[in-house]
Every structure is written in C-alpha cells, then in structure tokens.
1. Classify the range 1-130: rounded, prolate or oblate, from the alpha-carbon gyration tensor (a ≥ b ≥ c, eigenvalue square roots; a/c under 1.5 rounded; otherwise prolate if a/b is larger than b/c)?
2. At what distance in nm do the modelled label points of ASP69 and ASP355 sit from each other, each positioned 7 Å from its Cα along Cα→Cβ?
3. Would you mind computing Rg(Cα) / (2.2 N^0.38 Å) for the range 283-405, counting N as its residues?
4. Obtain the nm distance between the two label points defined at LYS468 and GLU379 by a simple spin-label model: each point lies 7 Å from its Cα along the Cα-to-C-beta direction.
5. Taking the alpha-carbon set of the range 335-384, what are its Rg and Dmax in Å?
6. Roll a 1.4 angstrom probe over the protein heavy atoms and tell me the percent of accessible area of the chain that is carbon or sulfur.
7. What number, in percent, do you get for the relative contact order of the chain if the mean sequence gap of Cα pairs under 8 Å and at least 6 apart is divided by its residue count?
8. Please state, to two decimals, what the Cα-based radius of gyration of the range 448-578 comes to when divided by 2.2 N^0.38 Å (N = residues).
Amino acid sequence: MAAKDDILIDTLVDMGLIERNQVEAAREEADATGEGVLDTLVTKGLLLPSNVAQAKAAHYGIEYVDLTDLRLSDDVINALPRHLAKRYSAVPVTLQDDTIVVAMADPTDIDTIDNLRAALSLNVDPRVAALQDIEAALERFYGGGSGTTTKKSGTDTVSKLIQDITEGEVEIGKMGKLGGADEGAPVEADAPIIKLVNQIIVDAFKNRASDIHLEPMANTFRVRYRIDGVLHEMKGPPKKLQLSMISRLKIQSGMNIAERRIPQDGRIQTSISGKPIDLRVNCLPTNHGESVVMRILDKEGLRLGLPELGFLTDDQQTFERLVGLPDGILLVTGPTGSGKTTTLYSVLNFINRPDRKIITVEDPVEYMLAGINQVQVNEHIGFTFATALRSMLRQAPNVVMLGEIRDMETASIAINASLTGHLVFSTLHTNDAPSAVTRLIDIGVKPFLVASSTRGLMAQRLVRKVCKQCTAPHMPSDSELKALDINPSNLKEPNFRKGKGCSNCSGTGNRGRFGIFEIFVIDDEARKLIYEKAPASVLRSRAREMGMRTLREDGARKVVAGLTTADEVIRSTSVETE
C-alpha cells in the first residue's frame, strides 16, 4: 500500500496539486500517528479526495468522473440494481447498447468488474471517482436502508430543507393552517413548509419540467417531475409533511382547504428568475390522501416559430399555406400530451397582425397572448364551448381558435363559422390525420359540411431531441432500421446520432422535444371521398397518393438527420397499414 501511495503522491506532485515539501511534512506526521501519507494530506486539507482520485485516473490511464452534479435517468439507475451498487460501491454513469460505464474508487479491482459483468450481462467500462463522492451518489440515487426503490434526488436545496424540517421536529398539527388561514398559527412553524413547496416548484422549473406530481403512497409521499415527456422520481419529503404541503398548495391556488372529498382545480401565478410562470393545479382524492399535479405553463415557452416546432422545410411551407387561407377549418389531432396546444398557440403568434381579429375559446386559458381575445369557458354557469362560440361570432373575428371539438353542437358551430368567412383552428383526439374526418362524421356532422369546410388535417407526436452537447455518431440496430424502413445504403449522407449522456441532459442523452407530423391537405378528390363517407383507410390512401408522409416516415427523416433517435420515433408511432 505504501508503494502505491508513493506512486500516487509522485503523480499528484507532477500534476501540481501538492508541493513536495508539504508531502515530506505530512510524511513525518504520518509516521508519528500511524496514518497513511495520503490520508494525512487529506485530513490536513492539503488535498481533496477528488484530487487523489484524479491522480489515480492519470496513473492508470482511466477517465476521472465528477459525481457531484451527476444526474441519471431511471434506465441507467435500474441497469445497476441497488444491492449490487451498494455491495461493490459502484455508481452507474451511462448506459449505451451493451456497455455500462460505472464509477469506482479502485478501477484495478478486476474481481469486482468481472462480478458486475457476469451479474448484469453487460460490458463494464470503469471510471475513477473519489470514494466519498461514490458513497454520496449511492445515497442520492439509491437511498439508505434496505429498500429497493430507486430514486432520483432533487436539488441539494430541496434535500437540505427536508432535512432541516425533519430534524427540527416541526409541529405537524399547525401545518394545516398555512398562509394566514389561521392567524393563531405561528409563522415559525409555517415558514419551512412554505420554503420547501416553493423550492420544489423552482427546482422543477429549472429542470425544464412540464408537470410536478405530488403523490401520496401508503408509507411515502412521492415527488415526480415530468421532463421531456418522461417522469423522473425525485427525493421526496417524509410522509408526515404530506398534509402540510398539500394544504399550502391548496391555499396558494385558491382551493377550499377544508374540502378533501372531491377533486378541485386552481391556479398559481408567480415568477421565477424574473420570468412569469403560471401553474395549473389539480387536486384529486386518493386512497392515501390527496394527489396534486401542477402543470407548469411557461409563457415564454410559447414564443416558438414554426421551425422550432419541428417542421422540416417542405412541411413548413405546406403548413404556412394552410394557416394563411382566409377561411375554412384546420384540425390538429393527436393524443393528450402530443403538443397540439403548443402548435395552435404558435400558429396564432405566427398569424397575429394588427389587421386581424383573433378570438380563442378555451377551457382553461393556458397562456395569455398579447393582441388576442381569449375567452374562458365556465361550465358551472352554463357558459359552454357552444355558447361562447356562438356569441363570439357576433364579435366579427377573422380567426377563431377553439380549444377542442367535443360534441355535435360545438362541431356544427365551428364548421358553420368556417363556411361563413372565418378561419377556424381546433383539435381532435384521433391517432392520425385522416381519422379526424370519420370522427367528425361519427359525432354527427353531415359529410357534405365536413367536405366543404375542411382545408387540412394534421396529426402530430412529440419525440425527444438528441442532446447537442453529448451527441455522437450511432448506428441504429437492424431491427430499428427495418421498423423505420430505412436502408442506409440508399442514403447519401446519413447522420445517425445519439446522446452519450452528460450533465446538460442529466445523463439521458436527450434534451428538449419537437414534433413529428403528417399533413393531409384536402383536395377536390378527397372532398368527394368525404362526401361519399369513405372510410379512413380510403382517405389515407388518397392522402398518400398526394404525397402525405406518415408520422413514422417524418420521424425517420429526422432520425437520418440526426435530430432524434430511432427508438424515440418507434416508441411514439405505430406501424401504418395501407
């Protein structure tokens, strides 16, 4: 051991991390105390544990990894089970194909590497990290005790607040009286909970989360953020803080704090780092308490041009032509969470000019747009979509945006508006573009009205972007290429890419999302088919004859361009049948 320490000390001196005279002084002290020289240097504060790890990495020619700010996806954490990570003091760093990169204190421990390789059925690529950093990372990602649940940590600030509240023995009985609900509740008891709730929201925003999920379980209070469409579990507060935190959020969002039997909706308006943020809050009673979901609405996030939505040049030109028409109806379709609202808001920004009057009917109004009249539906007082739409037409708008076509009455008014000189945008929940026609007819709209009014149909999905900072060449597997109908030999310059995982993307290899689209422009032949009540499969064939690319085909183009990965497109789309 002494000989190995001497080698590392020489390396540290060569790296300029320690002076030779400091080593000699520490050596004398080590002889007196019986400690190792390196341990003495660290104890005296002359070296950091990470410095020793860096010297070890330099000596063995193995990459050093700093675990302090490491963020991992669930896939990476689950690839190395908790019991193995704890047993071998190994932290997973990235997972790509059949190789897992792990951080270890001793990268020369061949037995550990072999055991991990056998247990995981993966190639193990070791990296060097300080033992203290490894222990801290294991605690953050796998937690203490003997449980098996894997968790991602939140920010250090959230963890510190949870620890302070837990160790401070806050009186939980007073936590139901937050934010001035009861003047007798002491501020000292309320403040930590308020800080914790606020910090969870700030942490979610800084991590680009679209939703915050606070979910009561039998023995835990789970916190999850939805980032780029994928839920990530964070370090949750103790179960005993559940009522206090939910009460705080209900007060902030204007809900009835005493009502716990029925669902409630509310809204929080705040600002983070000077940016105005809205949170749409829903509270739902469950077996173990009230579950709260907050949707983060970043007003600046809607200032997107059409290229930022994910359109390639040819599709963008087609779409711009459709939204520039003077009348007719354009429908955007897709399941919940496919980005339909973002697309429509971006379209409104694109066409918003002083000479156009634009009115929207929404439930709820998610984003406030300058220069646009936005109407909030209120079903409780009978102010429905149909009522609002009927009234707003008397305001002589040029463009109408209807949040969603839900029933026969709404559909009829929207279509009649499009036939009387208005340009109407709306959404439908269908899997592809041609199916929107059959959905309208199923609702009860006459085929000739659908044929006369509809100008275009667009289906969309969201896929994750390859992280720009850690992007690297990557050849999809044969099965992925086959699923996307890609033949690399027929491509001039394919640019298949995949993110390795870095601090910028929290180790996922992806950062941000964009759309993949299929656009069906209705021509005279298609109108004839609609009038004849042709099935969606026939309409689809006609659309393909006109050059419509399916969702998967558009996704394949973006895979070839290196914008996203094959597995993302396959996951988000289904196999199209003619």
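The values are calculated or read from the model by the stated rules, or taken from the named source; none is laboratory data. Computed from a predicted model, the values in this text were never measured in an experiment. Here the Cβ positions follow ideal geometry from the backbone for every residue, glycine too, while neighbour counts run over all protein chains shown. All accessible areas refer to the heavy atoms of the entire protein, side chains included, with ligands and DNA or RNA removed. Shrake-Rupley method; radii C 1.70, N 1.55, O 1.52, S 1.80 Å.
1. Values: a/c = 2.51, a/b = 2.31, b/c = 1.09.
Prolate, because a/c is 1.5 or more and a/b exceeds b/c.
2. It works out to 5.0 nm between the two label points.
3. Working: Rg = 16.4 Å, N = 123, 2.2 N^0.38 = 13.7 Å.
It is 1.20.
4. That separation, rounded to one decimal, is 4.2 nm.
5. For the range 335-384, the Cα radius of gyration and maximum Cα-Cα distance read 12.3, 35 Å.
6. Working: 12990 of 26880 Å².
The C+S portion of the solvent-accessible surface of the chain is 48 percent.
7. On the way: 988 pairs, mean separation 53.9, N = 578.
This gives 9 percent for the chain.
8. On the way: Rg = 17.7 Å, N = 131, 2.2 N^0.38 = 14.0 Å.
Working it through for the range 448-578, the quotient is 1.26.
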